[in-house]
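Notes follow the structure.
The values are calculated or read from the model by the stated rules, or taken from the named source; none is laboratory data. Bear in mind that the values here come from a model prediction, so they are computed numbers and not experimental data. In this analysis, Cβ positions are derived from the backbone assuming ideal geometry, glycine residues included, and neighbour counts consider all displayed protein chains. Areas reflect the complete protein model, heavy atoms only, side chains present, ligands, DNA and RNA absent. Shrake-Rupley method; radii C 1.70, N 1.55, O 1.52, S 1.80 Å.
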Amino acid sequence: MGTKLGPSVACLTMGHFEEQLFSRYTGIKPILYKRYIDDIVGVAVGPRNDLEKFINFAETFCPFLKFTHCISNSSVVFLDTELSISDRQIKSNLHFKPTDSHNYLMYPSNHPRSCTNSIPFSQLLRARRICSDDQDFAKVSKQIISFFEQRQYPQRVLSNALKRIQGIDRASALAPKTDHTPTRRIPLVLSFHPSVTPIVRAIYRNVDTLRHDPSTRDHFPDPPITAFRIEKNISKHLVRASQPQAVVPDTPGTFPCNRGRCNTCPVVSYDKNLSIVGPNNNRFNVHQHFTCTSANVVYVLVGKRCNILYVGETKRRLADRVTEHLRSIKQNLPGFPVATHFNPPSTCSIRDLMVSAAISCRGSDHDRLAAENRLIMKLGTLSPHGLNVRLELFIVYFLNCTFGRVNDQLHFCHLMKGLNPKRRGIFHKLLALFTTSFLPTYFISATQYFDLIYIYIYI
């Protein structure tokens, strides 16, 4: 089924399909219809043509679902069972698929003997539950015993399993367990090794000492229960993962995601100082943990040779946005400042590109844009000092800082004083239009309006 959600989606899809199918089909329907996820079994009474019509209608009812079917008058296979009709009753028998290799655990393997000795009995118990006829169960039991003989299981273990299963009828095997009494036995967890067995035996021989000692008898009313964990085998000692160890999520900075086909991992910036320095020598310290899969972030692109910065934002994953930047550079798309800067005649190339996430935003798109604008102004990445050239960002930031803090307003004013006269003149016209046309028709406080006038005069 692939993912963990696969079976649930399959059941919901098939349930909706069956509801629509049975409500719209007007012909003769099966008298028995059962399904387990995507495997279906049914019984129909009547001519074979009527059943084929129902199956053909189901196959053409939904073009996205493909069916394979088998019709038989004697028996059909459903999952790992073979169903047949005898004396007007449905009989079940265990079915072995042709591709089943019966590759059970080898008996000489390095596992606890309690584990290997219980496997034959568990398989016989499964057959006892499935086989409704005792003769069929006897045949299947011989087959199961032969499979374990090929896996070097001793006759003593197989004989004991047969004796245990012969004392259990099918009704008892199918009955649910009712004893769910909680135990107070303390688990003793050990890494399994053959040399551990004498230690466990010594503990059980001296368990009465723990039960009668005044300091431990309250903790050990019953003997401890032994549980083994898997010890490292030769494969785990020789084979190591190709990926480096995962970074602790609390570590600040930007780190590769180590996915197989991620294009962003090679350009992730490793800055041990965890700071980004802009053209105006202002420093921004990174305090959060990021990877290529981090979403809703403000990021910084930097050229290693020229130290020219570009501040951007994305609602998607950082890797998706950086992939678009890399594609625009490779194709040298016009109108993209990043693509223009990392192509000739510039001295920087795509090999000099580095990316670092700076701010993680948890609010709306406006909050993310405001955070991007504040970082642009703090680092001073407007052209020609940086690669950010969009003037409409300052309008958005202007609205944000006007109704915000005084420090934001001062940052905005200092930024505008750094613009060249032509761009400052354009912004003066936009600001004059904004203060004379929009604000008088919008209900704001006098303090906020004077803040606007103060900024306009200061610029």
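Just a few scattered comments:
- Accessible area per residue in Å² at 1.4 Å probe, computed on segment 1-53: 73
- Compactness index (Cα Rg / 2.2 N^0.38 Å), segment 65-114: 1.78
- Excluding ligands, DNA and RNA, the accessible surface per residue across segment 165-210 is 79 Å² with a 1.4 Å probe.
- Overall form of segment 1-73 per C-alpha gyration tensor (a/c, 1.5; a/b vs b/c): prolate
- Three-way shape label, segment 269-362, alpha-carbon gyration tensor, a/c 1.5: oblate
- The overall shape of segment 80-192 is oblate: from the C-alpha gyration tensor, with semi-axes ordered a ≥ b ≥ c, the ratio a/c is 1.5 or greater and a/b is no larger than b/c.
- Positive contributions from Lys and Arg (+1) and negative ones from Asp and Glu (-1), summed over other residues with Cβ under 12 Å from the Cβ of I119, come out at +3.
- Distance in nm between pseudo-label sites at D365 and D133 (7 Å out along the Cβ direction from Cα): 6.9
- With each label modelled as a point 7 angstrom along the Cα→C-beta vector, the K97-K142 pair spans 2.7 nm.
- Using the Cβ-Cβ distance between E231 and I350 with R0 set to 56 Å, the FRET efficiency works out to roughly 0.70.
- Paramagnetic reach from K34 (point 7 Å along Cα→Cβ, amide N under 20 Å) across segment 73-99: 73-97
- R211/S114 FRET efficiency (R0 25 Å; Cβ-Cβ; nearest 0.05): 0.60
- Both radii were evaluated on the Cα set of segment 1-154; the Rg over Rh quotient, with Rh as the Kirkwood radius, amounts to 1.07.
- FRET efficiency estimate (nearest 0.05) - Cβ-Cβ, F67 to R126, R0 30 angstrom: 0.55
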